[in-house]
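Input: a single structure, listed below in structure tokens.
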Amino acid sequence: NEKWFAFFDDSARRHPDKTAIVSFNSAQLRTERLTYADLNAAVERLVLAIEDWDIPAGSVVSVQLPSWWQFIVVMLACARLGIAVNPIMPTAGQQDLRHVLSLTGSRLLFIPKVFRNICYQELIEEIRSDLPDLQHVVVVDGIGLNSFHGLPEPRAPRSTAARSAAHDSNSVAE
């Protein structure tokens, strides 16, 4: 049984220059196109960052993003690592966000900097002290080290077989 992301890996290998994603960022009023090679590179970079942050298989990562291409990157990277993804509606406010992040024990959260006049960085900073499990917040359209584009440069990638052996996607953290 091949895992679903094996189909993505196969497409990236066979069609690296074909368009994989067309995404419209309504906050910045721009359309972004990613090839399979671009998408695969972004996924690998996030996989390596998550490994560097020591977030193990079976952990929960939350994503409070609109329908941007970064959401797909998070889904693919987490699938490769056996990490559960908890999608949160961008309209969820502080009370709901605090509740769901506490309930799931999310260790990592992806947010937009600003979307529909809501500053998510400020929103999360106001409740961060109530979330002891939350280790990292990545602002996908932010600037600096805590931004999606500020992820650490990848080191030599591990093979898919080595990664699969280290991260059994069927295991669940207790």
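Observations on the model:
- Among the residues of region 27-48, those that are open to solvent by 50 Å² or more (accessible area, probe 1.4 Å) and of a type in the set (Ser, Thr, Tyr) comprise 31, 36.
- Members of region 127-150 found to be within 22 Å of residue 51 (Cα to Cα) and not in a loop (DSSP other than H, G, I, E, B), listed by number: 136, 137, 138, 139, 147
- Inter-residue pairs, beta-carbon under 8 Å, first in a loop (DSSP other than H, G, I, E, B) and in region 10-32, second open to solvent by 80 Å² or more (accessible area, probe 1.4 Å), 6+ apart: 27/116
- Total residues in region 61-82, condition free of Cβ contacts under 8 Å to residues at least 60 places away in the same chain, surrounded by 21 or more Cβ atoms within 10 Å (Cβ to Cβ) and not in a helix (DSSP H, G or I): 4
- Among residues of region 94-126, those that are open to solvent by less than 60 Å² (accessible area, probe 1.4 Å), in a helix (DSSP H, G or I), of a type in the set (A, V, I, L, M) and modelled with pLDDT of 90 or more, counted: 3
- Output for region 128-167, where each listed residue is surrounded by fewer than 17 Cβ atoms within 10 Å (Cβ to Cβ), modelled with pLDDT of 85 or more and of a type outside the set (Lys, Arg): 129, 130, 132, 133, 135, 136
- When residue 6 is tested against (1) at pLDDT below 90; (2) touching a helix residue (DSSP H, G or I) at 6+ places or on another chain (Cβ under 7 Å); (3) in a helix (DSSP H, G or I), just one condition goes unmet, and that condition is (2).
- Among the residues of region 6-26, those that are surrounded by 15 or more Cβ atoms within 10 Å (Cβ to Cβ) and touching a strand residue (DSSP E or B) at 6+ places or on another chain (Cβ under 9 Å) comprise 8, 11, 12, 16, 20, 21, 23, 25.
- Only residues that are in contact (Cβ under 8 Å) with a residue 24 or more places away in the chain and farther than 11 Å from residue 85 by Cα were counted across region 95-106, and they come to 6.
Quick grid of which residues meet (1) closer than 20 Å to residue 102 by Cα; (2) in contact with a helix residue (DSSP H, G or I) (Cβ under 7 Å, 6 or more places away or on another chain); (3) at pLDDT 95 or above; (4) among the acidic types (Asp, Glu):
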residue	(1), (2), (3), (4)
43	no, yes, no, no
49	no, no, no, no
52	no, no, no, yes
67	no, no, no, no
78	yes, no, no, no
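- Of the residues examined, residue 55 is one that is outside any helix (DSSP H, G or I) and either open to solvent by less than 10 Å² (accessible area, probe 1.4 Å) or closer than 22 Å to residue 17 by Cβ (or both).
The values are calculated or read from the model by the stated rules, or taken from the named source; none is laboratory data. Note that the structure is predicted; figures quoted are calculated from it, not measured. Heads up, the Cβs are rebuilt from the backbone with ideal geometry, glycines too, and the neighbour counts pull from every protein chain shown. Heads up: the accessible areas ignore ligands, DNA and RNA and are worked out on the full protein's heavy atoms, side chains in. Shrake-Rupley method; radii C 1.70, N 1.55, O 1.52, S 1.80 Å.
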